[in-house]
1. May I ask you to list the residues in the stretch 190-215 that are in contact (Cβ under 8 Å) with a residue 40 or more places away in the chain and within 16 Å of the ligand (Cβ to nearest atom)?
2. Return the pair list, or none, for Cβ contacts closer than 7 Å from residues in the stretch 166-189 that are over 20 Å from D216 (Cα atoms) to residues that are of a type in the set (K, R) and part of a helix (DSSP H, G or I), at least 6 apart or on different chains.
3. Restricting attention to the stretch 39-89, report how many residues are under 14 Å from T220 (Cα atoms) and in contact with a helix residue (DSSP H, G or I) (Cβ under 9 Å, 6 or more places away or on another chain).
4. Looking at this structure, is L145 touching a helix residue (DSSP H, G or I) at 6+ places or on another chain (Cβ under 6 Å) and farther than 27 Å from N61 by Cα?
5. Name, by its number, the condition in (1) within 18 Å of E243 (Cα to Cα); (2) within 17 Å of the chain's Cα centre (by Cα); (3) in a loop (DSSP other than H, G, I, E, B); (4) not aliphatic (A, V, I, L, M) that does not hold for F92.
6. Which is within 18 Å of C94 (Cβ to Cβ) and crowded, with 16+ Cβ neighbours inside 10 Å, of N143, N165?
7. With respect to R3, determine if the residue is at pLDDT 95 or above and either out of contact with any strand residue (DSSP E or B) (no Cβ under 8 Å at 6 or more places or on another chain) or in a helix (DSSP H, G or I) (or both).
8. Of the residues T150, T142, T122, which is away from the ligand (no atom under 12 Å from the Cβ), without any contact (Cβ under 8 Å) to a residue 60 or more places away in the chain and within 17 Å of the chain's Cα centre (by Cα)?
Amino acid sequence: MVRNSFLLLMFLLLLADYFFLDLSLWAYLALTLLYILLVVAGSSSMSLNFFTRSYTSGKGNTIALTFDDGPSAEHTPAVLEVLEKWGATATFFCIGERMARNKELVQMIKGKGHRIGNHSYTHSNLFSIFGKKRVVEEIQRTNALIRELTGEECSLFRPPYGVLNPNIAGAAKACRMQVIGWNIRSFDTSTKDHQKVVERVLARIGPGAVLLLHDDRENTPKILDAILAHTSQQHYRYIQAHELITK
Ligand SMILES: [Zn+2]
């Protein structure tokens, strides 16, 4: 919406300039630079809702626990055990390729009452420069696998690296996916000291939190256990990603 209005403004300015005004080249360069900055900011921050709507927070006394990049044969079972210990439910944004290698694990996640979301098929490093057609293929291939393994139609998409540029947003829309972001990033993939991750999360957690964790990491079960030990005393309700979607 913002993007289209901005392009329209540029076009009108160009027209006006042709007929009446005499804007300098610098004015156009400044406007173009502003547009590029807006696109970069819009692509990297899902909560700005720049290219498409995304859901990044919950309502009321709820916490949405989300796990990206699994399933991992090595670490996901321990994450499931911790969730079970505290009676918490979560959403796992799985990578297609990893589901194909861990089919029983996907069924185990689903069997324990959690929800499976789509986190692309390859999670390629180049995902943010893929064209729309390629992203659509990634989403559809992953959805087909989720359908095969769980019998469920998946409409929840979390773009790799949280990047939501025009191609990725367009592909998500074309596949009728709801884009799910987060409002608390744990930095569990880049922080070695698990205690620091716990402190970071606990300093930020509150009603409506959507927490981003990764279930393919050795420290995740420990981190999750410490977080849930804390939040379970505060009577939060743990919700799944589809409950974040509002009209
Ligand atoms: Zn990821």
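The values are calculated or read from the model by the stated rules, or taken from the named source; none is laboratory data. In this text the structure is predicted, and so the values were computed from the model without any measurement. Quick reminder, even Gly has a Cβ in these numbers, built from the backbone with ideal geometry, and neighbours come from all protein chains shown.
1. V210, L211, L212, L213, H214, D215
2. N167/K132; G170/K132; A171/K132
3. 18
4. Against the criterion (touching a helix residue (DSSP H, G or I) at 6+ places or on another chain (Cβ under 6 Å) and farther than 27 Å from N61 by Cα), L145 qualifies.
5. Here F92 meets the rest and fails (3).
6. N143
7. It is false that R3 is at pLDDT 95 or above and either out of contact with any strand residue (DSSP E or B) (no Cβ under 8 Å at 6 or more places or on another chain) or in a helix (DSSP H, G or I) (or both).
8. The match here is T142.
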